[in-house]
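Here is the structure we will look at, set down as structure tokens.
Bear in mind these aren't lab numbers, they're just calculated from the coordinates by the rules spelled out. Being a predicted model, the structure only gives us computed values, none of them experimental. Cβ coordinates were reconstructed from backbone atoms using ideal geometry, including for glycine residues, and neighbour counts include every protein chain displayed.
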Ligand code: IFM
């Protein structure tokens with residue numbers, strides 16, 4: 001990492017790391033917390049690899065102060081974490097003071113360590129009690145989300161300036177409700193599309209509510225959302241079937257999320273692709289105005305591009321880019337059969353291609369295609385590899401190199417004119433990787449799941465050295 005040009009970084013560029021409540025906290029039924037959809041889903045047979053659950057995770061709930069100390073030692077400017085709705089408002093009842101107190105102590109601890117708290121309100125863990133009332137397919141959940149946002153703001157708004165409404169709504173809508181590979185594990189395109197629109201609405205309602213609350217208290221607030229955006233690359237650019245499949249994936253995965261937020265409209269080609277589902281039935285008058293409430297930043301999560309073909313995959317094809325616990329299911333809506341044959345690139349333990357130029361391309365093209373976009377932050381980027389522990393050292397040269405190459409790609413994007421203001425590595429700690437359970441390690445800090453011991457990996461040390469070098473260069 002030290003070979004990176006440390007002088008290209010804009011003043012105030014934020015170096016951070018990210019986690020999410022359900023992936024690290026544990027204490028799933030402690031301190032007043034009740035089931036989230038992930039607690040419930042993980043208990044279903046075959047839902048999660050090895051039958052793993054978020055019940056204990058990496059016990060961050062009890063080790064929070066030590067984890068903040070680790071962040072301080074790494075020299076992080078900012079820590080991106082999420083609050084658990086099921087901890088803050090368990091069972092869809094009234095706010096839980098003990099749950100809010102945990103986040104209040106976390107925020108105090110971060111500020112004490114001079115680390116900017118970067119708070120995400122929804123990283124996929126809906127209270128199960130709300131799922132039982134229809135979850136995201138029920139429009140009412142959007143209004144409940146704004147109430148939850150207000151409860152968190154009331155407790156933390158005096159100290160937290162950076163607020164993200166949603167993390168990767170693509171996953172919590174289509175992957176959870178169409179592919180069935182994430183909680184709530186449903187496989188109904190109609191529910192997925194309803195969830196997609198209701199999550200957008202929830203974003204807009206919460207953004208407006210947070211802005212009003214901050215204004216009434218004369219507080220500065222930075223508001224945004226994080227999307228997982230991709231470059232959909234036609235497998236054979238000369239093949240019109242592959243090109244159209246790439247258009248559909250770009251439409252469904254990128255533009256259906258970006259455009260209502262940024263342009264106040266859904267992309268017409270995708271609405272047309274979805275005509276058999278009558279997507280517009282979910283959109284009421286005034287919704288798009290709410291959804292396109294101004295934001296101050298866009299968080300971009302990017303790990304790999306998507307190589308898209310409109311032709312059926314060969315029977316023996318390498319599994320696709322999503323967990324394959326339920327082969328045959330797909331996060332696509334529509335009748336096309338879209339596959340992702342591997343390109344000739346190195347791959348991570350997730351079988352995701354390593355292609356840093358994709359990140360550069362994405363960051364640059366976002367600014368060009370959407371000139372009204374606010375500043376960008378890379379709110380997640382990182383890699384899973386099968387780490388092995390040799391005594392007290394974890395050498396993870398592949399992850400260290402992945403991170404270094406992607407940080408270089410961010411520097412190159414900035415040089416090409418992209419307005420990128422920060423980079424958050426995913427993840428601070430090894431953790432519960434959703435349907436993959438504890439099988440996939442993304443942390444720059446190793447966690448021994450038997451003892452909960454934390455050991456910074458080589459990648460953590462190199463990331464810390466890079467942060468220190470960029471600061472020294474200013
Ligand atoms: O672990 C996830 C995270 O919760 C959301 N973005 C992708 C990461 C790696 O799969």
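Below, the figures for the structure above:
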{"quantity": "Label point at residue 416 placed 7 Å out along Cα→Cβ; residues across the stretch 204-245 whose backbone nitrogen lies under 19 Å", "calculated": "228-235, 237"}
{"quantity": "Alpha carbon convex hull of the stretch 125-216, projected area averaged over orientations, nm²", "calculated": "5.6"}
{"quantity": "Hydrodynamic radius by Kirkwood, which averages 1/r over all alpha carbon pairs of the stretch 174-315, in angstrom", "calculated": "16.7"}
{"quantity": "Potential extension, residue 461-residue 212 segment - 0.36 nm per residue separation minus Cα distance", "calculated": "85.5 nm"}
{"quantity": "Cα radius of gyration and Dmax for the stretch 337-400 (Å)", "calculated": "16.3, 51"}
{"quantity": "Contact order relative to length of the stretch 113-199, as percent, for alpha carbon pairs under 8 angstrom and 6 or more apart", "calculated": "35"}
{"quantity": "Value of [θ]222 nm, deg cm²/dmol, for the chain, DSSP H segments ≥ 4, -39500 (n - 2.57) each, nearest 500", "calculated": "-11000 deg cm²/dmol"}
{"quantity": "Stretch gain in nm, segment residue 114-residue 370, where the contour uses 0.36 nm per residue and the Cα spacing is subtracted", "calculated": "88.8 nm"}
{"quantity": "Amide N of the stretch 362-393 lying under 17 Å from the label point, which is placed 7 angstrom from the Cα of residue 265 along Cα→Cβ", "calculated": "369-373"}
{"quantity": "Rg(Cα) / (2.2 N^0.38 Å) computed for the stretch 402-474, rounded to two decimals", "calculated": "1.32"}
{"quantity": "Residue 471-residue 133 pseudo-label distance in nm [points 7 Å out on the Cα-to-Cβ vector]", "calculated": "4.5"}
{"quantity": "Considering only the chain, percent of DSSP beta bridges that pair antiparallel, nearest 5", "calculated": "15"}
{"quantity": "Rounded Å value of the spacing that divides the Cα centres of the stretch 114-179 and the stretch 370-419", "calculated": "26"}
{"quantity": "Alpha-carbon Debye profile of the chain, log10 I(q)/I(0) at 0.06, 0.10, 0.14 Å⁻¹", "calculated": "-0.23, -0.69, -1.56"}
{"quantity": "Kirkwood-type radius of the stretch 335-449, with distances r between different C-alpha atoms, in Å", "calculated": "15.8"}
